[in-house]
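Novice: Below you will find the structure I want to go over with you.
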Amino acid sequence: MTQENNPLHGIKLETIVTELVEKYGWEELGSRINIQCFKDNPSVKSSLKFLRKTQWARDKVEYLYLKANKLPLPPPKDDSRRPASKPQHAAAKKPQTVKAQTNKSTDTPGKPVNANIWGNG
């Protein structure tokens with residue numbers, strides 16, 4: 001597999017994190033990407049450990065790096081953590097109410113409901 005279309009090819013994750021910290025600082029980085037390793041006692045070592053284990057966070061860091069350096073951005077990934085949305089046409093429809101059919105022969109005024117079943121008629 002070739003990496004000729006990957007703008008991050010050959011760039012280490014440590015380099016990405018270090019450059020982002022130099023450009024934004026830990027506080028700004030923590031506000032741009034809401035992950036604990038950038039907010040609570042941040043360090044490059046702890047951030048690398050977390051980002052290597054957590055793909056969604058790594059994707060956000062790599063995306064910010066690409067955007068900050070004006071490199072070509074990858075197409076958006078399908079987020080499998082989110083539940084699938086309902087089709088739009090199903091949500092727009094209102095449920096139809098079913099009208100009860102009345103039987104003229106058994107519905108007489110003054111007669112109790114279900115009188116024909118219980119023999120009270």
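The values are calculated or read from the model by the stated rules, or taken from the named source; none is laboratory data. Everything numeric in this text was worked out from a predicted model, so none of it was measured. Note that we place each Cβ from the backbone using ideal geometry, even for glycine, and neighbour counts take in every protein chain shown.
Novice: What is the number of the single condition among (1) among the small types (Gly, Ala, Ser); (2) surrounded by 13 or more Cβ atoms within 10 Å (Cβ to Cβ); (3) without any contact (Cβ under 8 Å) to a residue 12 or more places away in the chain that Gly30 does not meet?
Specialist: Here Gly30 meets the rest and fails (3).
Novice: Filter segment 48-78 for residues that are polar (S, T, N, Q) and assigned to a loop (DSSP other than H, G, I, E, B); which is nearest to Glu22 (Cα to Cα)?
Specialist: Filtering segment 48-78 for residues polar (S, T, N, Q) gives 54-55, 69.
So of that shortlist, the ones also assigned to a loop (DSSP other than H, G, I, E, B) come out as 54, 69.
Values: Thr54: 22, Asn69: 13 Å.
Per the stated criteria, the residue is Asn69.
Novice: Further, regarding this structure: Looking at Val113, Val44, which one is over 30 Å from Gly25 (Cβ atoms), of a type in the set (A, V, I, L, M, F, W, C) and modelled with pLDDT of 60 or more?
Specialist: Going through Val113, Val44 in turn, just one is over 30 Å from Gly25 (Cβ atoms), of a type in the set (A, V, I, L, M, F, W, C) and modelled with pLDDT of 60 or more: Val113.
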